[in-house]
Amino acid sequence: MKFIGHLDMMRYFQKVMRRAGVDIRYSEGFSPHQIMSFAAPLGVGVTSRGEYMDIEVLSTDSSSEMMKRIGNVLTEGVEILSYKQLPDSAKAAMSQVAAADYTVKFREGYEPEDWEDFAAGINDFLKQEQILVLKKTKKGEKETNIRPWIYWMKAGVKDGVGPAVFMRVAAGSAVNLKPELVIQTYMESRKKKLGEFALQIHREEVYANQASGEEPDFCPLDQLGADIE
């Protein structure tokens, strides 16, 4: 599943909506299409359990019934976890994405030689006021401080998963920090090189920021909606 691109996944879900009999709204004009959008398109090679999709419907059954109908036509490797109604005032999910949680594991043969030292060094890495990287732009390369975009990061075993690196980083249309760039930068700070295709990346959750001030208040996108009885 991780090798299926975003556009192919969109086409797949368009077929799912038809097969499940979802009364989805279509756009108007000469080439009508289903009104559907993904909150944060997933990169090829990354797995996830935290993907969100907005659709507009003309009518709907209860959340449990719609989950059953959609689930019955999904292929192996894709699972629907919730089906919720958003308030009329809600913004599109894509515009609300502010952060994402990732679990990053090293492939066999690419693991750090001293895992305990590697894990302990993350604290010092995050104590830096600036973590500078060269990011490619349309105009060339630009030095960027990614430290404000790493909300937390630690290594170890969590809920039986690991050893791995767990992190929450900025995501969305305004700022999107890739977890592989964080790991690569940390490895370089330790005078180590990250091997090509060394990482297995899994997205756990996607968040909106509901804070009114500077301190973020992250909320899973799932909590923005309510079950339909």
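Readers should treat all values here as calculations from the given coordinates under stated rules, not as data from a laboratory. None of the values given here were measured: they were computed from a predicted structure. Quick reminder, even Gly has a Cβ in these numbers, built from the backbone with ideal geometry, and neighbours come from all protein chains shown.
Placing unit charges on the Cβ atoms only, positive for Lys and Arg and negative for Asp and Glu, gives the chain a dipole magnitude near 820 debye about its Cα centre.
Our note on the geometry: Cα centres of region 140-209 and region 39-117, 18 Å apart. The DSSP beta bridges internal to the chain are antiparallel in roughly 95% of cases. Among the aspartates and glutamates, which have Cα under 12 Å from the Cα of Lys91 when same-chain residues fewer than 8 positions away are ignored? Counting by Cα, and skipping residues close in sequence, Lys91 has these aspartates and glutamates nearby: Asp54. Mean residue ellipticity, 222 nm, helices only, the chain: the sum of -39500 (n - 2.57) across DSSP H runs of n ≥ 4, divided by residue count and rounded to 500, is -6500 deg cm²/dmol. Could you grab the relative contact order for the chain? Cα pairs under 8 Å, six or more apart, rounded to a whole percent. Answer for the chain is 25 percent. If the reach is capped at under 29 angstrom between alpha carbons, list the lysines near Lys135, excluding any in the same chain fewer than eight residues apart. Hits, sequence-local ones excluded: Lys2, Lys105, Lys127, Lys154, Lys178, Lys191, Lys192, Lys193.
Of all stretches in the chain that contain no chymotrypsin sites (Phe, Trp or Tyr not before Pro) in a DSSP loop with at most 12 other Cβ atoms within 10 Å, the longest one is 31-196. Dipole magnitude for region 97-221: about 580 debye, using +1 per Lys or Arg Cβ and -1 per Asp or Glu Cβ, origin at the Cα centre. Normalised by 2.2 N^0.38 Å, where N is the number of residues, the alpha-carbon radius of gyration of the chain equals 1.14. Projecting the Cα positions of Leu181, Thr137, Phe118 onto the charge dipole of region 97-221 (unit charges on Cβ atoms of Lys, Arg, Asp and Glu, taken about the Cα centre) puts Thr137 furthest along the positive direction. Restriction of the trypsin sites (Lys or Arg not before Pro) in region 115-212 to DSSP coil positions whose beta-carbon has at most 15 other beta-carbons within 10 angstrom yields Lys127, Lys138, Lys139, Arg190, Lys191, Lys192, Lys193. If R0 is taken as 25 Å, the Cβ-Cβ distance between Ser173 and Glu108 corresponds to a FRET efficiency of 0.10. Restriction of the GluC sites (Glu not before Pro) in region 1-93 to DSSP coil positions whose beta-carbon has at most 14 other beta-carbons within 10 angstrom yields Glu28, Glu56, Glu76, Glu79.
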